[in-house]
Amino acid sequence: MARFVLVAGAWHGAWCWEFVVPMLEAMGHRAQPAELPGMGSDETPLAGLSLAAWARAVAEVIEADPEPAILVGHSRGGVVISQAAELVPDRIRLSVYLTAIMMKDGESGLDSSQLVPSDALRERNYEITEDGLAFKVIPDLALSYGRSPPDLVAKALAQMTPEPNFGLVTPLELSAERYGRVRRAYVECLGDETVVLSLQRAMQARQPCEIVRAIDTDHCPHYSAPAQVAAVLDELAGLA
């Protein structure tokens, strides 16, 4: 059985794993969502936070238990788990990118948009918060939940918090000696309209993953297909 540490994507908090966690636990695993500072239920002011602070927070969750973790990042969470892998590579059995941003040293999450033609990406009009530190939740974000029950979409949108700019614009600081020695797996979401499949595969072409799996669902499988997410993570645990 395995220990999972789960990192949510943009606008989301630990709450988004509410269905996946009990399913993993029913399979005999341990699963802990890592709440990033300033996101979800954590009320740390965004001013003064950074991608480094997020990575350190995840690393501290990993280090708080002697058992090495399978680290899972969804969407923008992929940026965070990459930076966390640089900090504690020996404590991570496998990094799992769940339709997640997976960039190289010196690149930011935002740079991923350059990997595919612009017409492959859905145009979005983001609104900046008054203090200029974050992006507000916008109604068309619901497109990321295209296959989820409407009541769950409404529930998720009501819990989202502003997404700080640094999460996507800060260049990663990764080395072959640390980040590069952590095993990686990628879980594709075939119906994703946010991190589209062509982008998922472009990122993998540049940084091949040891294991690749696919599930036919939207960008937010923790709501649209939690059983499939739990099943693929259970399989990966057996391979880690």
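The values are calculated or read from the model by the stated rules, or taken from the named source; none is laboratory data. Keep in mind it's a predicted model, so treat the numbers as computed, not measured. Here the Cβ is made from the backbone with ideal geometry for all residues, glycine too, and neighbour counts use every protein chain on show.
Descriptive notes on the structure:
- Contact map, segment 219-238: residues that are of a type in the set (S, T, N, Q) paired with residues that are in a loop (DSSP other than H, G, I, E, B), Cβ distance under 8 Å, separation 6+ or inter-chain. Pairs shown: Ser224/Gly146; Ser224/Arg147; Ser224/Ser148; Ser224/Thr217; Ser224/Asp218; Gln228/Thr217.
- All positions within segment 114-134 that are modelled with pLDDT of 85 or more and under 16 Å from Ser198 (Cα atoms): Gln114, Leu115
- Applying the criterion of being of a type in the set (S, T, N, Q) and more than 15 Å from the chain's Cα centre (by Cα) to the residues of segment 166-203, the residue that is surrounded by the most Cβ atoms within 10 Å (Cβ to Cβ) is Thr170.
- The residues listed here are Asp140, Asp151, Asp105, Asp65; of these, the one that is surrounded by fewer than 14 Cβ atoms within 10 Å (Cβ to Cβ) and modelled with pLDDT of 95 or more is Asp65.
- Count of segment 50-90 residues which are charged (D, E, K, R), more than 21 Å from Pro37 (Cα to Cα) and either part of a helix (DSSP H, G or I) or without any contact (Cβ under 8 Å) to a residue 12 or more places away in the chain (or both): 1
- Checking each residue in segment 170-196 for being touching a Leu at 6+ places or on another chain (Cβ under 7 Å) and aliphatic (A, V, I, L, M) picks out Ala185, Val187, Leu190, Val196.
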